């Protein structure tokens, strides 16, 4: 989820950076560079591909969002048909998006996942940062962090991000801690392939985020000194 327009603020009104803003300051660009190179190799302009919303993965993700929001299947179908018509989305892409959505729904049924909270705007008073996790779910009586990604690979910063989200949730919900691990559901852009990644714990990713958080403040100080 993008940072809210008003930003993230502590109880005293102090504005604090968001999770993705902190991670983005130190994000590894290797994957993006390689992807851009692949686009050029295939005769494509990476800027056009990057800015296009009409890809199978993004559409599959959109379908999942409608489902999580509580829409009935017939309502999702009608909304999707309208969306593909309005945005002039090719049938081949739409079909791949539907397959991606169906794959997610199958995984959801197999795990008996129940979403208990979604898109929660959370702020850490302790570590002074904010974030908006996709969702917290329940599987076998345990709460878990659930995150959806659209992309052709899973990157290290994704692990750091969800680890930070879990800490945000736990700090704000001490009586409802996440004990069921982390589920990252990824939809590939080109084909809409669905992949599920599970992590029992991400302690190392959380430690890296703490280092990023400290480095973020130091970076701001150095920027002023170098001005």
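The values are calculated or read from the model by the stated rules, or taken from the named source; none is laboratory data. Bear in mind that the values here come from a model prediction, so they are computed numbers and not experimental data. So basically every Cβ, Gly included, is an ideal-geometry build from the backbone, and we count neighbours across all protein chains shown.
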Show me the helices (runs of 4 or more DSSP H) found entirely inside the range 1-99 where at least 2 residues are over 21 Å from the mean Cα position of the chain (by Cα), surrounded by 16 or more Cβ atoms within 10 Å (Cβ to Cβ) and at pLDDT 90 or above. 73-86
Could you list, in sequence order, the residues of the range 162-217 that are under 14 Å from the mean Cα position of the chain (by Cα), touching a residue at least 40 places away in the same chain (Cβ under 8 Å), within 20 Å of residue 114 (Cβ to Cβ) and buried (at least 21 other Cβ atoms within 10 Å of the Cβ)? 162, 165, 166, 183, 185
Residues that are out of contact with any helix residue (DSSP H, G or I) (no Cβ under 7 Å at 6 or more places or on another chain) and not in a loop (DSSP other than H, G, I, E, B), drawn from the range 159-197: 162, 166, 168, 169, 170, 171, 172, 183, 186, 195, 197
